[in-house]
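What follows is a short report on a single structure.
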Amino acid sequence: MRRGRAVLAAAVLPPVVAVALSLGGCGSGGSGSAEGGFKVGLLLSQNVQTRWERFDKPLIEKRVTELCARCTVEYANAEGDVATQKQQVETMINRDVEVLLLSAVNFRSLRSSVERAHDAGIPVIAYDGLVEGPVSAHVSFDNERVGRLQGEALLRALGNRADKADSGQVVMMNGPQTSPTNVAFKKGALSVLQGEVRIVKSYDTPGWSQETAHTNMDNALAALGTDSVDGVYAANDGLAAGVISALKNAGIDPLPPVTGQDADLAAVQRVVLGEQYMSVYKPFKAEADAAARIAVALGRGDDITDLTDTTVDTATTKHIPAVQLDPVPVTVADIRSTVVEDGVYTVDQICAPELAAACRRAGLTE
């Protein structure tokens with residue numbers, strides 16, 4: 001039996017039994033011992049958002065090997081396809097990984113794969129979003145707060161147009177509503193915007209497709225008129241890019257405020273240019289660090305209580321040990337103190353030659 005099976009069981013058993021199992025696993029030998037190395041499986045959901053390949057993957061790989069010099073990370077990306085990710089889980093099981101970090105393509109559709117890993121004694125850590133099934137831990141951000149930050153920023157940008165006497169007209173470009181994470185973004189935004197603005201159109205965007213966001217924005221403008229949109233809630237930077245391209249193609253100038261999320265380099269540059277009002281920066285290093293720490297601990301059979309700060313529930317699993325980190329809003333005034341200070345991008349990377357004047361206005365260069 002894999003040593004991971006005892007740890008996985010601990011996530012769903014009463015506390016006294018769970019602690020006993022966890023402590024019992026620490027003294028055994030095997031590949032997961034403190035002195036030895038083991039394989040950590042890392043399965044990411046898609047590569048539409050640049051953060052996954054650019055930040056999450058290398059940061060997790062680096063931190064795992066810092067914490068466990070003889071450990072290795074087995075990696076695959078599902079590129080948004082559920083069937084592909086299910087096969088990748090099977091491959092990880094066959095490669096004898098001791099623990100699996102999973103960013104699921106679909107919250108419900110991967111349940112059977114999580115159960116397969118559980119049956120093989122492999123603890124599953126739900127990374128960045130939840131997934132149904134017997135999950136051992138969850139690492140993400142406070143996703144309702146992400147939506148609230150976006151909504152609050154949009155209200156600030158709208159100013160007098162958002163007062164109740166003359167509510168601004170807002171289009172909502174939400175992500176796909178196939179996971180609690182994306183539902184939470186929308187819920188958080190609505191908690192701020194409802195009653196303060198008129199939501200005149202709302203779209204849920206399968207696959208976070210930039211092209212679909214562009215088409216939906218075109219349709220909204222055709223229905224409402226090019227002078228009738230005061231602001232756009234876009235759930236992430238890819239959707240924001242699609243929205244902004246549609247607004248520019250329609251000849252709208254100045255552009256209405258548009259929100260975003262993930263602080264992609266292209267989005268930060270749009271913020272500098274004034275095309276996108278804000279993004280939400282989720283400190284990837286902190287998320288990757290928490291995930292790597294928990295993965296190594298579970299692989300070694302250690303208790304993870306001190307590594308988590310809360311619990312979360314799904315329809316299938318209650319009291320999942322979790323880490324929920326704080327997202328950070330980024331407007332033009334915050335770029336230097338957030339993504340630059342954290343080393344995500346340099347000023348030179350942001351301030352390409354065509355952005356020289358905008359960077360000077362933003363105070364990023366002299």
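The values are calculated or read from the model by the stated rules, or taken from the named source; none is laboratory data. Just so it is clear, the model here is predicted, and its values are computed rather than measured. Neighbour counts are summed over all protein chains in view; Cβ atoms, including those assigned to glycine, are modelled from backbone coordinates with ideal geometry.
Would a scan of region 121-144 turn up a residue that is assigned to a loop (DSSP other than H, G, I, E, B), among the β-branched types (V, I, T) and out of contact with any strand residue (DSSP E or B) (no Cβ under 8 Å at 6 or more places or on another chain)?
no
Before we move on, is T305 assigned by TED's automatic domain parsing to the domain that holds E74, surrounded by fewer than 20 Cβ atoms within 10 Å (Cβ to Cβ) and over 21 Å from the mean Cα position of the chain (by Cα)?
yes
Which condition breaks for T317 when tested against (1) under 21 Å from L355 (Cβ atoms); (2) not assigned by TED's automatic domain parsing to the domain that holds A234?
It is condition (1) that T317 fails.
Is there any pair linking a residue in region 103-131 that is acidic (D, E) to one that is not in a loop (DSSP other than H, G, I, E, B), with Cβ under 8 Å and at least six apart or on different chains, and which?
Listed pairs, sorted by first residue: D128/D56; D128/V139; D128/S140; D128/F141; D128/T181; D128/E287.
Identify all residues within region 36-61 that are assigned to a loop (DSSP other than H, G, I, E, B) and buried (at least 22 other Cβ atoms within 10 Å of the Cβ); write none if there are none.
Result: F38, S45.
Residues L265, L355: which one is within 30 Å of M217 (Cα to Cα), touching a residue at least 60 places away in the same chain (Cβ under 8 Å) and over 22 Å from the mean Cα position of the chain (by Cα)?
L355
Within region 92-108, take every residue that is of a type in the set (V, I, T) and outside any loop (DSSP other than H, G, I, E, B) and give me the one that is surrounded by the most Cβ atoms within 10 Å (Cβ to Cβ).
Restricting to residues being of a type in the set (V, I, T) and outside any loop (DSSP other than H, G, I, E, B), the top hit is V99.
Tell me whether region 305-321 contains one or more residues that are of a type in the set (K, R) and under 21 Å from L42 (Cα atoms).
No, region 305-321 contains no residue that is of a type in the set (K, R) and under 21 Å from L42 (Cα atoms).
Is there a residue being more than 28 Å from S136 (Cα to Cα) and modelled with pLDDT of 95 or more anywhere in region 296-305?
Taking every residue of region 296-305 in turn, none turns out to be more than 28 Å from S136 (Cα to Cα) and modelled with pLDDT of 95 or more.
Name the residue that is farthest from V99 (Cα to Cα), counting only residues in region 62-76 that are in contact (Cβ under 8 Å) with a residue 40 or more places away in the chain and assigned to a loop (DSSP other than H, G, I, E, B).
Applying the filter and picking the extreme gives C68.
Cβ-Cβ below 6 Å, separation at least six or inter-chain, first residue in region 315-336 and farther than 16 Å from P257 by Cβ, second aromatic (F, W, Y) and buried (at least 18 other Cβ atoms within 10 Å of the Cβ): which pairs?
Sorted first by the residue in region 315-336, then by its partner, the pairs are L325/F141; P327/F141; V328/Y281.
Would you mind finding the one in L190, L158, L221 that is within 18 Å of P257 (Cα to Cα), of a type outside the set (S, T, Y), touching a Gly at 6+ places or on another chain (Cβ under 7 Å) and part of a helix (DSSP H, G or I)?
L158
Looking at region 227-253, which of its residues are part of a loop (DSSP other than H, G, I, E, B), closer than 21 Å to L193 by Cβ and not aliphatic (A, V, I, L, M)?
If the condition is that a residue be part of a loop (DSSP other than H, G, I, E, B), closer than 21 Å to L193 by Cβ and not aliphatic (A, V, I, L, M), then D227, S228, D230, N236 are the ones that fit.
For A263, work out the one condition from (1) within 28 Å of E341 (Cβ to Cβ); (2) assigned to a helix (DSSP H, G or I) it doesn't fulfil.
Result: A263 fails condition (2) only.
For region 330-352, give me each residue that is of a type in the set (A, V, I, L, M, F, W, C) and more than 21 Å from the chain's Cα centre (by Cα).
Residues satisfying the conditions are V332, A333, V347, I350, C351, A352.
Is it the case that some residue within region 133-142 is assigned by TED's automatic domain parsing to the domain that holds A292, within 11 Å of L43 (Cα to Cα) and either at pLDDT 95 or above or among the aromatic types (F, W, Y) (or both)?
No, that holds for no residue.
Step by step: first the residues of region 109-120, then only those that are in a loop (DSSP other than H, G, I, E, B) and hydrophobic (A, V, I, L, M, F, W, C), then the one that is surrounded by the fewest Cβ atoms within 10 Å (Cβ to Cβ). Which residue is that?
Out of the qualifying residues, it is A120.
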